[in-house]
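Below: one structure, written as structure tokens.
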Amino acid sequence: MLKQRVITALILAPAAISAIFYLPLNYFAALLLAIIAIGAWEWGPLMGFATKTRRSIFVIITSVLIALVWLILSPENMWLAAKQLHDYAMILLWLSVAWWMVAAVLMFAYPKYSNFWSSHRSIRGVFGWLTLVPTWLAFVVIRSNSYGEDPYHGAQLLMFLFLMVWSADVGAYFVGKAFGKHKLMPNVSPGKTIEGFLGGIISACILIAVAAYQLNWTSGQVTTVLLVTVLITTVSVLGDLNESMFKRQAGVKDSGSILPGHGGILDRIDSLTATAPIFALCYVLFGW
């Protein structure tokens with residue numbers, strides 16, 4: 001399993017980095033829409049959809065919602081200034097934050113309230129839209145920042161997000177394997193430990209601190225980014241546990257099998273669905 005994960009990651013990482021840096025903005029948004037559509041397909045079984053027809057309808061509705069957001073908030077006009085985001089984009093990002101706060105309550109209380117939302121497919125569908133649609137928006141928001149002045153600025157911001165999440169994921173995996181003894185949230189994901197969680201945060205902070213040193217950032221910038229890193233790596237676990245909760249309730253091990261060693265698209269981007277909107281908001285509010 002580890003070998004498959006490494007091989008898949010070695011293929012995916014360069015492809016993702018190339019897309020982030022070299023695809024024109026609208027092509028990047030279109031590729032991201034396709035990825036989210038696959039995620040919507042994988043969300044179908046989490047809603048209890050067993051037929052391709054019902055899953056396809058959910059994919060179509062999800063894609064239409066994103067297309068409407070794209071129509072109202074075009075990537076070229078997402079930012080009114082370098083640090084001033086369109087009001088509609090801000091509303092959607094804050095809506096995402098509200099959803100993840102609700103998701104956190106559901107996870108900490110699981111399985112206390114699960115009978116209610118698990119018995120209503122429409123509610124699970126709304127949960128899916130609140131998870132997937134803001135993810136598309138957040139990625140486009142980050143990528144399009146200062147695009148006219150520097151086409152690579154937003155790409156660099158996205159790479160910082162990826163470094164935070166990836167390093168936390170790797171650190172949590174190895175520290176958890178080596179030292180994990182205390183379960184983080186056994187009702188949702190028995191494999192995750194408090195030691196792994198802390199190891200992920202420390203790993204991400206070390207990597208980001210090294211990157212900041214190489215970029216000659218000021219102490220103020222480093223402090224801001226490290227605080228954001230702690231927040232983002234914590235939230236990344238929330239995204240991971242959120243999907244685990246829905247999979248456990250649906251009796252599903254992986255969201256799909258498209259990525260050998262990783263499962264489905266949702267299994268690979270679950271952390272990003274939570275972190276991307278919050279990272280985008282942090283950059284708008286604090287900058288660095």
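Every number here is computed from the coordinates shown, using simple stated rules; none is lab data. The shown structure was predicted, so the numbers you read here are calculated from the model rather than taken from an experiment. Heads up, the Cβs are rebuilt from the backbone with ideal geometry, glycines too, and the neighbour counts pull from every protein chain shown.
Maximal additional length on extending the F21-K183 stretch stands at 54.5 nm, based on 0.36 nm per residue less the C-alpha distance. Within the straight-line cut-off of under 12 Å between alpha carbons, the aspartates and glutamates reachable from K52 are E42, sequence neighbours fewer than 8 places apart in one chain being disregarded. For the stretch 1-120, the Stokes-Einstein estimate of translational diffusion at 25 °C and a viscosity of 0.890 mPa s comes to 140 µm²/s, using the Kirkwood hydrodynamic radius over alpha-carbon pairs.
Annotation for the stretch 25-129: chymotrypsin sites (Phe, Trp or Tyr not before Pro) lying in DSSP loop with at most 12 further Cβ atoms inside 10 Å of their Cβ are Y113.
Arranged from fewest to most other beta-carbon atoms within 10 Å of their beta carbon, I201, I258 become I258, I201. Over the stretch 104-167, all Cα pairs binned in 10 Å intervals from 0 give whole-percent P(r) values of 18, 31, 24, 20, 7, 0, listed from short to long. Working note: Debye formula, equal point scatterers on the alpha-carbon atoms of the chain, no solvent; log10 I(q)/I(0) at q = 0.09, 0.10, 0.11 Å⁻¹ is -0.41, -0.51, -0.63. The charge dipole of the stretch 1-128, taken about the Cα centre with unit charges on the Cβ atoms of Lys, Arg (+1) and Asp, Glu (-1), comes to about 540 debye, rounded to the nearest 20. Using only side-chain charges placed at the Cβ, +1 for Lys and Arg and -1 for Asp and Glu, the dipole size of the stretch 2-285 relative to its Cα centre rounds to 1000 debye. Per-residue ellipticity at 222 nm from helix content only, as computed over the chain with -39500 (n - 2.57) for each DSSP H run of at least four residues, stands at -26000 deg cm²/dmol.
Take the chain and mark each of the trypsin sites (Lys or Arg not before Pro) that is in a DSSP loop with at most 15 other Cβ atoms within 10 Å; the longest unmarked stretch, sites excluded, is 1-82.
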